[in-house]
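S.K.: The following block contains the structure, expressed as structure tokens.
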Ligand SMILES: [Zn+2]
């Protein structure tokens, strides 16, 4: 799964029909396949300039991945994070934030160590996961946060 630079849209493949689609970094609804209308995985990058627009004001819950390219544990969790965008397509938006390029956002969410994962609902932090948990535990925590457990 390729994440664009903090541009306006990202290319992704439909999990149902495999057609290529472009999804916007921010939108009022959820991205759907232009061919079969299935909900698409929504993974975008954000930085200090657009974090509020892309994550805080998101129409659906957001999984924020605060990471950095030099962080080994971050690379361990990122495949699971990206899979969850497909698993929870239409219910969860994944926003990747490179803390080196978004120092104000890292400070705002007190990301003292990375990876730090946040689940935001309506802009409020409802779950906070610090460190590289095993995939099963990550999925369980994110799923529980989505269900409001
Ligand atoms: Zn499709």
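The values are calculated or read from the model by the stated rules, or taken from the named source; none is laboratory data. This is a predicted model, so every value here is computed, not measured. Quick reminder, even Gly has a Cβ in these numbers, built from the backbone with ideal geometry, and neighbours come from all protein chains shown.
S.K.: Taking the range 5-44, which residues are in a loop (DSSP other than H, G, I, E, B), free of Cβ contacts under 8 Å to residues at least 24 places away in the same chain and more than 10 Å from the ligand (Cβ to nearest atom)? Before the answer, list the steps.
M.R.: Let us first name the residues in the range 5-44 that are in a loop (DSSP other than H, G, I, E, B), namely 5-8, 14-19, 25-31, 33-38, 40-42.
Then drop every residue that is not free of Cβ contacts under 8 Å to residues at least 24 places away in the same chain, which leaves 7-8, 16-19, 31, 33-37.
Once the filter is applied, which keeps residues that are in a loop (DSSP other than H, G, I, E, B), free of Cβ contacts under 8 Å to residues at least 24 places away in the same chain and more than 10 Å from the ligand (Cβ to nearest atom), the range 5-44 yields 7, 8, 31.
S.K.: Scan the range 125-139 and report the pairs whose first residue is closer than 15 Å to residue 78 by Cβ and whose second residue is in a strand (DSSP E or B) and modelled with pLDDT of 95 or more, with Cβ atoms within less than 8 Å and a gap of 6+ or a chain change.
M.R.: 129/116; 129/117; 129/118; 138/117; 138/129
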